[in-house]
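A.B. asks: First the structure, then my questions, so here it is.
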Amino acid sequence: MDPDKPSSSLLSQEETARPFAQAGARPDPAFQFEPFPGNPGIGTVVEALLKKPGSLLHELSGPRRNGILLRLLVITTFCALIYGLVVGSLSGGTQLWAAPVKITLGLFFSVLICLPSLYIFLCLSGADLRFGQVCGTLLGLVSLMALLLIGFAPVAWIFSQSTHSVVLMGALHLIFWIIALWFGARLLWGLLAYCKSPDSGQVKVWVILFVLVSLQMTTVLRPLVGTADTLLPTEKKFFLAHWISVMEQSGR
């Protein structure tokens, strides 16, 4: 062996780490862009979301992308419905089915609304990506968010059985959602690393946009936490105005 020539294992590690250096992030062992072994099922995709997101991003650029997208869709729908059931347990009654349906639809509507801007921002950052890859990555982001919310569900449930405060439970769900988005957004920086594109700030702008759209969607589909006279609102409101209104009513 030539002592001046790096071994294949060292070279592989360097090639894996180099895109993260170019994307402005630390090398992450979870983002090793390797294919799934065998035929991936839902369990394999869940494990990849939590442990090996790099493998998921690799598969989303390959011939098995459609199957992966279908599994991500199933994971997101199932987890969002379960967490919505926990949200609806605060009030019971109609909210036991309305909250899960609204949360699931709201999540997918937010994805559809923000998908075009994500593709444009990634292109502006210099990423050489196909639209299908961006779709898959965004679906993976919300799938990971939904999985994390399922992890928070027992905590949310015990609080929902201990209080009738809509403000307290709304704030708790918001905290859990922000934490889930924090970890889910990691897939976007992984995608930049995969295509060896630097992060020039466009992705951060898009994350802020996604936050605003998602928060407004919770107001468009209100009530999610608590009850109201109608299943859907009859007047238009900005989400901050809605929050202030709810807190004022709670303080009376």
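A.B. asks: Given the residues Val166, Val205, Val225, Val211, which is the only one that is surrounded by fewer than 18 Cβ atoms within 10 Å (Cβ to Cβ) and touching a residue at least 40 places away in the same chain (Cβ under 8 Å)?
C.D. replies: Going through Val166, Val205, Val225, Val211 in turn, the sole match is Val205.
A.B. asks: State whether one or more residues within segment 137-145 are surrounded by fewer than 20 Cβ atoms within 10 Å (Cβ to Cβ) and either touching a Phe, Trp or Tyr at 6+ places or on another chain (Cβ under 9 Å) or not hydrophobic (A, V, I, L, M, F, W, C) (or both).
C.D. replies: no
A.B. asks: Can I ask one more? How many residues are outside any helix (DSSP H, G or I) and either polar (S, T, N, Q) or closer than 29 Å to Thr137 by Cβ (or both) when one looks only at segment 150-189?
C.D. replies: Number satisfying all stated conditions: 5.
A.B. asks: In segment 196-226, which residues are assigned to a loop (DSSP other than H, G, I, E, B), touching a Leu at 6+ places or on another chain (Cβ under 9 Å) and either within 19 Å of Pro116 (Cα to Cα) or among the hydroxyl-bearing types (Ser, Thr, Tyr) (or both)?
C.D. replies: Ser197, Asp199, Ser200
A.B. asks: Now for a different question. Would you say Leu240 is under 19 Å from the mean Cα position of the chain (by Cα) and in a helix (DSSP H, G or I)?
C.D. replies: Against the criterion (under 19 Å from the mean Cα position of the chain (by Cα) and in a helix (DSSP H, G or I)), Leu240 does not qualify.
A.B. asks: Between residues in segment 22-36 that are surrounded by 13 or more Cβ atoms within 10 Å (Cβ to Cβ) and residues that are at pLDDT below 50 and of a type in the set (Ser, Thr, Tyr), which pairs lie under 6 Å by C-beta distance while being six or more apart or on different chains?
C.D. replies: Correct list of pairs: Gln32/Thr16.
A.B. asks: Mind listing whichever residues of segment 200-225 are among the charged types (D, E, K, R) and either farther than 18 Å from Gly106 by Cβ or modelled with pLDDT of 95 or more (or both)?
C.D. replies: As a first pass, look at segment 200-225 and keep what is among the charged types (D, E, K, R): 204, 222.
Residue satisfying the conditions is Lys204 alone.
A.B. asks: So, of the residues in segment 116-133 that are assigned to a helix (DSSP H, G or I) and over 20 Å from Gly62 (Cα atoms), which turns out to be nearest to the chain's Cα centre (by Cα)?
C.D. replies: Checked segment 116-133; the qualifying residue nearest to the chain's Cα centre (by Cα) is Leu118.
A.B. asks: Would you be able to tell me the number of residues in segment 213-230 that are touching a helix residue (DSSP H, G or I) at 6+ places or on another chain (Cβ under 6 Å) and at negative phi?
C.D. replies: Qualifying residue count, segment 213-230: 9.
A.B. asks: Filtering segment 228-252 down to residues that are free of Cβ contacts under 8 Å to residues at least 60 places away in the same chain and of a type in the set (A, V, I, L, M), which residue is nearest to Gln95 (Cα to Cα)?
C.D. replies: So the residue we want is Ala228.
A.B. asks: Check off (1) in contact (Cβ under 8 Å) with a residue 60 or more places away in the chain; (2) surrounded by fewer than 20 Cβ atoms within 10 Å (Cβ to Cβ); (3) touching a helix residue (DSSP H, G or I) at 6+ places or on another chain (Cβ under 9 Å) for Leu187 and give me the number that stays unchecked.
C.D. replies: (2)
A.B. asks: Condition (residue is surrounded by fewer than 22 Cβ atoms within 10 Å (Cβ to Cβ), assigned to a helix (DSSP H, G or I) and free of Cβ contacts under 8 Å to residues at least 60 places away in the same chain) applied to segment 83-90: is it met by at least one residue?
C.D. replies: The answer is yes; a qualifying residue exists.
A.B. asks: For the subset of segment 226-252 comprising residues that are farther than 22 Å from Leu85 by Cα and among the acidic types (Asp, Glu), which member is modelled with the highest pLDDT?
C.D. replies: Among residues in segment 226-252 that are farther than 22 Å from Leu85 by Cα and among the acidic types (Asp, Glu), the one modelled with the highest pLDDT is Glu235.
The values are calculated or read from the model by the stated rules, or taken from the named source; none is laboratory data. Computed from a predicted model, the values in this text were never measured in an experiment. In this analysis, Cβ positions are derived from the backbone assuming ideal geometry, glycine residues included, and neighbour counts consider all displayed protein chains.
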